[in-house]
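A.B. asks: Please see the structure below; I have some questions.
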Amino acid sequence: MGMLVEGCWSNDEDALTDGSGRLKRPDAAFRNWITADGGPGPTSEGGFRAEPGRYHLYIARACPWAHRAAIFRELKGLQDMIGLSVTHWLMADDGWTFQPGPGVVPDPLFGVDTLWQLYVRSNPSYTGRVTVPVLWDKARGCIVSNESADILRMFNSAFDSVGAHEGDYSPPALRDEIDAVNARVYDGLNNGVYKAGFAKKQAAYDEAVGGVFETLDWLERRLSGAEWLCGERMTEADWRLFTTLLRFDAVYHGHFKCNLRRLVDYPALWRYTRRLYAHPAVAPTVDFDHIKRHYYQSHRHINPTGIVPQGPIFAFDAD
């Protein structure tokens, strides 16, 4: 792990937690938006018009935040409009890299060896963490966004007029409900598993893991009488939840000590996850080898030996 300080790479694991041993996750630094007409988005300046071939997406198959951006690229049929690079699964002294390995797709624009070099190209004096996903603008030579939530909303609608697939996963009529569900799921589960896994004190861990299973219990109740999280259609909220559920038994249950219950112990959530996993947009985006190797080999402060467990055996395919 590590971060950039005034454009210089530095390893600083202590920056991940505060004095109470709790994970502290800073806000994303790049918050521009691609829009249909190039006008400003909710948090940005203008000038980023939706144009096929102009943008490039950098992801890690292991990362749930990057995974949901990759899914939306598939859902909206943007594969030929937005290029894709995939990092190596191991995040060690240089952070995310493009060292050769199965499933790695190198950077075709600059041939960078590490993701932090791309951040410095965008802002030579950047200070902060180097995360995925990253959406790059080839025309302006800069990062558009490294906030996955924003990238999902861009992919959802910005390219509709230039050939994206039909489908609105954040319809205005459901937006308030989607935002409320997203907020609860993010704090208690998406980020909650990390708060548990990265906790450095017992009280911080106990607090976080309690929130994880409170959220899972709430979701189980919600999905016991419904097919989708919001309304009667698949929405962004489902996909933001899915990438965490997909990883739960494989890494969060054991590696992050979220082991009160497994995903398979929740009948409604298990059926729901299997149904989403069977969606045609998902298969090209999932790499369990990258997922398991990343967590168990990268987080040496949690798993010093770097041994990757053989299990669990996955049975996600829906009946």
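The values are calculated or read from the model by the stated rules, or taken from the named source; none is laboratory data. The shown structure was predicted, so the numbers you read here are calculated from the model rather than taken from an experiment. For neighbour counting, all protein chains shown are included, and Cβ atoms are generated from backbone atoms with ideal geometry for every residue, glycine included. Ligands, DNA and RNA are excluded from the accessible area calculation, which covers all protein heavy atoms including side chains. Shrake-Rupley method; radii C 1.70, N 1.55, O 1.52, S 1.80 Å.
A.B. asks: For segment 110-183 and segment 19-97, what is the centre-to-centre distance using only Cα atoms, to the nearest Å?
C.D. replies: Answer, in whole Å: 4.
A.B. asks: Full-extension gain between ARG221 and VAL5, please, as 0.36 nm times their residue separation minus the C-alpha to C-alpha distance. Don't jump to the answer; show the numbers that get you there.
C.D. replies: On the way: separation 216, 0.36 × 216 = 77.76 nm, distance 4.47 nm.
Contour length minus Cα-Cα distance gives 73.3 nm.
A.B. asks: Another question, if that's okay. Using the charge dipole of the chain (Lys, Arg: +1 at Cβ; Asp, Glu: -1 at Cβ; taken about the Cα centre), state which of TYR169, VAL120, CYS142 has its Cα farthest towards the positive end.
C.D. replies: Final value for the positive-end residue is VAL120.
A.B. asks: For the chain, modelled as a Gaussian network with Cα springs under 10 Å, which listed residue fluctuates most, TRP116, TRP270, TRP96?
C.D. replies: In this elastic network of the chain, the residue with the biggest mean-square fluctuation among TRP116, TRP270, TRP96 is TRP270.
A.B. asks: Would you calculate the separation in nanometres between label points at ASP206 and PHE110, each defined as 7 Å from the Cα along the Cα-to-beta-carbon direction?
C.D. replies: With each label point 7 Å from Cα toward Cβ, the separation is 4.7 nm.
A.B. asks: If I build a Gaussian network model for the chain, linking alpha-carbon pairs within less than 10 angstrom, which residue out of VAL185, VAL264, VAL130 has the largest mean-square fluctuation?
C.D. replies: VAL264
A.B. asks: Continuing with the same structure: Can you list residues from other chains, or at least 5 along the same chain, whose modelled amide H is less than 5 Å from the amide H of ASP94?
C.D. replies: For ASP94, no residues qualify.
A.B. asks: So, with +1 on the Cβ of K and R and -1 on the Cβ of D and E, and no other charges, what is the size of the charge dipole of segment 190-303 about its Cα centre, to the nearest 20 debye?
C.D. replies: On the way: 17 positive and 13 negative charges, 71 e Å.
Rounded to the nearest 20 debye, it is 340 debye.
A.B. asks: Enumerate the calculated ³J(HN,Hα) couplings along segment 286-303 in order (Karplus 6.51 cos²θ - 1.76 cosθ + 1.60, θ = phi - 60°), each rounded to whole Hz, writing x wherever the residue is Gly or Pro.
C.D. replies: Working through the residues one at a time gives 9, 9, 5, 5, 4, 4, 5, 5, 4, 5, 6, 9, 7, 8, 5, 6, 9, 10 Hz.
A.B. asks: Let me ask something else. Counting alpha carbon pairs within less than 8 Å and at least 6 residues apart, what relative contact order, in whole percent, applies to segment 102-245? Mind dumping the intermediate values first?
C.D. replies: Numbers: 110 pairs, mean separation 23.2, N = 144.
Relative contact order of segment 102-245: 16 percent.
A.B. asks: Before anything else, pin down the relative contact order of segment 62-138: Cα pairs under 8 Å, at least 6 apart, normalised by residue count, whole percent.
C.D. replies: Values: 67 pairs, mean separation 19.4, N = 77.
Reported relative contact order: 25 percent.
A.B. asks: Let me ask another. Filter the GluC sites (Glu not before Pro) in segment 193-258 down to the DSSP loop ones having no more than 15 other Cβ atoms within 10 Å, then list what survives.
C.D. replies: Details: sites: GLU207, GLU214, GLU220, GLU227, GLU232, GLU236; in loops: GLU227, GLU232.
Answer by residue number: GLU227, GLU232.
A.B. asks: Would you work out the relative contact order for segment 47-183, in percent, from Cα pairs under 8 angstrom that are 6 or more residues apart?
C.D. replies: Working: 202 pairs, mean separation 37.1, N = 137.
Rounded, it is 27 percent for segment 47-183.
A.B. asks: Give me the 1.4 Å probe accessible area per residue for segment 190-319, excluding ligands and nucleic acids, in Å².
C.D. replies: Numbers: 5600 Å² over 130 residues.
So segment 190-319 comes to 43 Å² accessible per residue, rounded to a whole number.
A.B. asks: Nearest 500 deg cm²/dmol is fine: what mean residue ellipticity at 222 nm does the chain get from its DSSP H runs of n ≥ 4 alone, each adding -39,500 (n - 2.57), divided by its residue count? Please report the intermediate quantities before stating the final value.
C.D. replies: Details: 9 runs with 104 residues, N = 319.
It comes out at -10000 deg cm²/dmol, rounded to the nearest 500.
A.B. asks: Go through SER44, HIS253, THR87 and say which Cα lies farthest out towards the positive end of the charge dipole of the chain; charges sit on Cβ, +1 for Lys and Arg, -1 for Asp and Glu.
C.D. replies: HIS253
A.B. asks: Can you list residues whose amide H is under 5 Å from GLY2's amide H, if they're 5+ apart or on another chain and H is modeled 1.01 Å from N?
C.D. replies: The answer is ASP12.
A.B. asks: Classify segment 100-251 as rounded, prolate or oblate from the Cα gyration tensor: take a ≥ b ≥ c as the square roots of its eigenvalues, call it rounded if a/c is under 1.5, otherwise prolate when a/b beats b/c and oblate if not.
C.D. replies: oblate
A.B. asks: I would also like to ask the following. Choose one of CYS63, TYR295, GLY53: the residue whose Cα lies farthest towards the positive end of the charge dipole of the chain (beta-carbon charges +1 Lys, Arg; -1 Asp, Glu; about the Cα centre).
C.D. replies: It is TYR295.
A.B. asks: What size of dipole, in debye to the nearest 20, comes out for the chain about its Cα centre when the only charges are +1 on Lys and Arg C-beta atoms and -1 on Asp and Glu C-beta atoms?
C.D. replies: Details: 34 positive and 40 negative charges, 97 e Å.
The dipole of the chain has a size of about 460 debye.
A.B. asks: Can you tell me what share of the DSSP beta bridges in the chain is antiparallel? A percent to the nearest 5 is fine. Working shown, then result.
C.D. replies: Working: 17 of 23 bridges.
If I count the DSSP bridges inside the chain, around 75 percent turn out antiparallel.
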